[in-house]
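**Student:** Have a look at this one before I ask anything.
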Amino acid sequence: MSDTVTIIDNRTGKQLNCPVLQGVMGPPVIDIKHLYKELGMFTYDPGYGSTSSCKSAITYLDGEQGVLMYRGYPIEQLAEQSTFLEVCYLLIYGELPSRLQMDEWETGIKMHTMTHEHLSRFYTGYRYDAHPMSIMGGVVNAIASYYHDATDIYDAGQRLMTAKRVIGKMPNIASKCYRYAIGLPFVYPDNSLSYIENFMNMTFSKPSEKYKPSPVAVRALDLLFILHADHEQNASTSTVRLAASAETNPFACIAAGIATLWGKAHGGANEAVIKMLEEIEHPRNIRKFLDRAKDKDDSFRLMGFGHRVYKNYDPRATIIRKACHELLGEMGLNQPMFEIAMELERIALEDGYFIERKLYPNVDFYSGLIYQALNIPSEMFTVMFALARSAGWVAQWMELMVDSDFRIGRPRQLYIGKEKRDYIPISQRS
Ligand code: CMC
């Protein structure tokens, strides 16, 4: 009986043997799906700190060791040697492509870089100063309307087509969020360019000037996109899966993921980090901000620090920190904010509060500095994150759709409201 855990209800003496499932890596998982039927009890796990919401073969992370792998490939190797588009293939198909498969994949994605012309008008319904994440969520949800009845989510070919549409169209959608805000005309995709160059051309080119993205910037963005492509069952991915479990249109599911990612405890942290570094202004003010972060009566938290799963360095932060050094060096930029960030990291990592709680810099701590060096405004940082994460979201959606345990997600609750009481007409209420 080594592979079961017995749950005993001490009130009644009733017991349940729960199978213990062992994944390929990671801690064992207690299968409690018969708990309610057998013992009439739910589990309580706010924030899902001890809950595996699904089985997945896409991404593995070990928070204690600071390990992240896509389909078994360490993130460090992918960051060093792969490209974002190849990583998308890996997430979707589970294996690295051959040269021929990669060429076909790239061509397949390029066939889906356009969006319906009418969609461009959708942007103009937003105020000029609307947050681009709000626009992006709205536009992606609107795309559901173009492919609604036509998408059979139970057809493997159509799911693959959806993945190509999502990955192909996201740069186009994201670039328009940016250009609408700054009043530049929209640019059509140019499929003679690489995925990243195309995105940069649609985002930064001006009708009046020739534009060629710098290779350093292209590589930096490619790297950031690789690092952001997937991250297991985080809040936005879980949102996508929960929406998908209701057999919702996949674009609408991704729009739900975008809404969740926007929050500053999640993907919105990259924008919040830059705001925080601007507020700190000078290394001499760092301690004041650290004291605020430690003060339980102050809601301020050190943005870009801490993670639900990583209790060690976030491996993505290590890679980005190095890339930040290289990028700023190559671009000849002297960024005082980078100096503040490094000093803040140094002081925080020597501070008992952060040591005790195992709070390390996360992916968002340095990514904003790279975006900033590339002249991308801070409101766009989370949009870039969403662009890259869409690959992971769609891969997770595809995986869910063929999961043998697929059923609508329906958590229960611990009810703490009023007991039954009778309605009193308003005329009789005091
Ligand atoms: N600054 C100060 N204290 C912190 C921080 C922080 N950034 N993060 C956690 N703590 C403290 C927290 O107050 C708590 O202290 P105590 O035990 O005394 O009550 C302890 O550390 C544990 O924190 P928690 O809130 O239970 O941790 P969590 O797993 O629920 O939250 C988090 C994780 C990422 C939301 C949180 O660390 C945070 O708010 N960080 C800042 C925002 C951020 O950088 N988010 C990006 C996350 S990575 C990218 C992504 O997900 O998209």
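The values are calculated or read from the model by the stated rules, or taken from the named source; none is laboratory data. Predicted model, so just to flag it, every value in this text is computed and none were measured. A quick note on method: Cβ atoms are made from the backbone with ideal geometry, for glycine too, and the neighbour counts reach across all protein chains shown. Accessible surface is based on the protein model in full, side chains and every heavy atom, while ligands, DNA and RNA are left aside. Shrake-Rupley method; radii C 1.70, N 1.55, O 1.52, S 1.80 Å.
**Student:** Kindly report the accessible area of the stretch 217-357 per residue (heavy atoms of protein chains, probe 1.4 Å, no ligands, DNA or RNA), in Å².
**Tutor:** Computed with neighbouring chains in place, this is 44 Å² per residue.
**Student:** Still on this model: When each pair of different Cα atoms in the stretch 319-399 is counted once in the 1/r mean, what is the Kirkwood radius in angstroms, to one decimal?
**Tutor:** Over the stretch 319-399, the inverse of the mean reciprocal pair distance is 14.5 Å.
**Student:** Moving to a separate point now. Mind checking the per residue accessible area of the stretch 97-176 for me, 1.4 Å probe, whole number of Å²?
**Tutor:** Computed with neighbouring chains in place, this is 48 Å² per residue.
**Student:** If you wrap a convex hull around the Cα atoms of the chain, how much volume per residue is inside, in Å³?
**Tutor:** For the chain, the hull spanned by Cα atoms encloses 220 Å³ per residue.
**Student:** What is the distance in Å between the Cα centres of the stretch 180-241 and the stretch 342-393?
**Tutor:** Taking the Cα centre of each part, the stretch 180-241 and the stretch 342-393 sit 18 Å apart.
**Student:** In a GNM of the chain with a 10 Å cut-off on Cα contacts, which of 326, 399, 117 has the highest mean-square fluctuation?
**Tutor:** Taking springs between Cα atoms under 10 Å, the residue moving most is 117.
**Student:** Here are some pairs, 296/358; 264/294; 264/322; 288/322; 206/322; 14/55; which of them have Cα atoms lying more than 21 Å apart in this structure?
**Tutor:** 264/322; 288/322; 206/322; 14/55
**Student:** Something else: How many percent of the accessible area of the stretch 160-289 is carbon or sulfur, using a 1.4 Å probe?
**Tutor:** Carbon and sulfur atoms account for 57 percent of the accessible area of the stretch 160-289.
**Student:** How would the stretch 274-348 be classified by its alpha-carbon gyration tensor: rounded, prolate or oblate, with rounded meaning a/c under 1.5 and the a/b versus b/c comparison settling the rest?
**Tutor:** Since a/c reaches 1.5 but b/c is at least a/b, the shape of the stretch 274-348 is classed as oblate.
**Student:** So what's the convex hull volume per residue for the Cα atoms of the stretch 104-253, in Å³?
**Tutor:** Hull volume normalised by residue count: 132 Å³.
**Student:** Roll a 1.4 angstrom probe over the protein heavy atoms and tell me the percent of accessible area of the stretch 27-133 that is carbon or sulfur.
**Tutor:** For the stretch 27-133, the apolar C and S fraction of the accessible surface comes to 54 percent.
**Student:** While we're on this one: Which residue, 371, 154, 70, tops the fluctuation ranking in a GNM of the chain built on C-alpha contacts under 10 Å?
**Tutor:** Ranking 371, 154, 70 by mean-square fluctuation puts 154 first.
**Student:** Which percent of the accessible area of the stretch 351-404 is formed by carbon and sulfur heavy atoms (probe 1.4 angstrom)?
**Tutor:** So the carbon and sulfur contribution to the accessible surface is 49 percent.
**Student:** Still on this structure, please answer the following. Which one, 4, 250, 166, projects farthest toward the positive side of the charge dipole computed for the chain from Cβ point charges (K/R +1, D/E -1)?
**Tutor:** 250
**Student:** On to the next question. Find which of 15, 423, 58 sits farthest along the positive direction of the dipole of the chain, computed with +1 on the beta-carbon of Lys and Arg, -1 on that of Asp and Glu, about the Cα centre.
**Tutor:** Of the listed residues, the answer is 423.
**Student:** Compute the Cα gyration tensor for the stretch 223-361, then decide on rounded, prolate or oblate, letting a ≥ b ≥ c be the square roots of its eigenvalues: rounded whenever a/c is under 1.5, prolate when a/b is larger than b/c in the other cases, and oblate in all that remain.
**Tutor:** Prolate, because a/c is 1.5 or more and a/b exceeds b/c.
**Student:** May I pose another question? Under the rule of -39500 (n - 2.57) per DSSP H run of 4 or more residues, summed and divided by the residues of the chain, what mean residue ellipticity at 222 nm is obtained, to the nearest 500 deg cm²/dmol? Walk me through the intermediate numbers first.
**Tutor:** Working: 18 runs with 215 residues, N = 430.
Taking each H run of at least 4 residues, the total per residue is -15500 deg cm²/dmol.
**Student:** On to the next question. Please determine, in degrees from 0 to 90 and to the nearest 10, the orientation of helix 269-280 with respect to the longest principal axis defined by the Cα atoms of the chain, where the helix direction is its Cα long axis.
**Tutor:** Result, in degrees: 70.
**Student:** Let me ask you something else. What dipole magnitude, in Debye to the nearest 20, does the stretch 232-292 give about its Cα centre under +1 on Lys/Arg Cβ and -1 on Asp/Glu Cβ? Mind showing how you got there, number by number?
**Tutor:** Working: 7 positive and 7 negative charges, 52 e Å.
Value, rounded to 20: 260 debye.
**Student:** Put a dot 7 Å past each Cα toward the Cβ at residue 298 and residue 265; how far apart are the dots in nm?
**Tutor:** For residue 265 paired with residue 298, the spin-label model returns 2.1 nm.
**Student:** Shifting gears a bit: Would you work out which of 78, 239, 39 lies farthest towards the positive end of the dipole of the chain, given +1 charges on the beta-carbon of Lys and Arg and -1 on that of Asp and Glu, about the Cα centre?
**Tutor:** 39
**Student:** While we're here: If N is the number of residues in the stretch 35-114, what value comes out of its Cα radius of gyration divided by 2.2 N^0.38 Å?
**Tutor:** Scaled against compact globular proteins, the figure is 1.60.
**Student:** Quick check: the angle from helix 156-182's long axis to the longest principal axis of the chain, C-alpha only, nearest 10 degrees?
**Tutor:** So the inclination is approximately 60 degrees.
**Student:** For residue 184 and residue 121, calculate 0.36 nm times their separation in residues minus their Cα-Cα distance, and state this gained length in nm to one decimal.
**Tutor:** That pair, residue 184 and residue 121, stretches by 21.3 nm at full extension.
**Student:** Across 10 Å bins from 0, what is the distribution of all Cα-Cα pair distances for the stretch 1-136, in whole percents?
**Tutor:** That works out to 9, 22, 21, 22, 17, 8, 1, in percent per bin.
**Student:** Just to be sure I understand: with springs between alpha-carbon atoms less than 10 Å apart, which residue in 112, 266, 34 has the highest mean-square fluctuation in the Gaussian network model of the chain?
**Tutor:** Its mean-square fluctuation being the largest, the pick is 34.
**Student:** Give, rounded to the nearest 20 debye, the magnitude of the charge dipole that the chain has about its Cα centre when Lys and Arg contribute +1 at Cβ and Asp and Glu contribute -1 at Cβ.
**Tutor:** 1140
**Student:** Less than 14 Å from a label point 7 Å out along the Cα-to-Cβ axis of residue 41: which backbone N atoms in the stretch 1-31 qualify, by residue?
**Tutor:** Under cut-off, by backbone N: 5-18.
**Student:** Then there's this: What angle do you read, to the nearest 10 degrees and between 0 and 90, between the alpha-carbon axis of helix 336-349 and the longest principal axis of the chain?
**Tutor:** Tilt relative to the chain: about 30 degrees.
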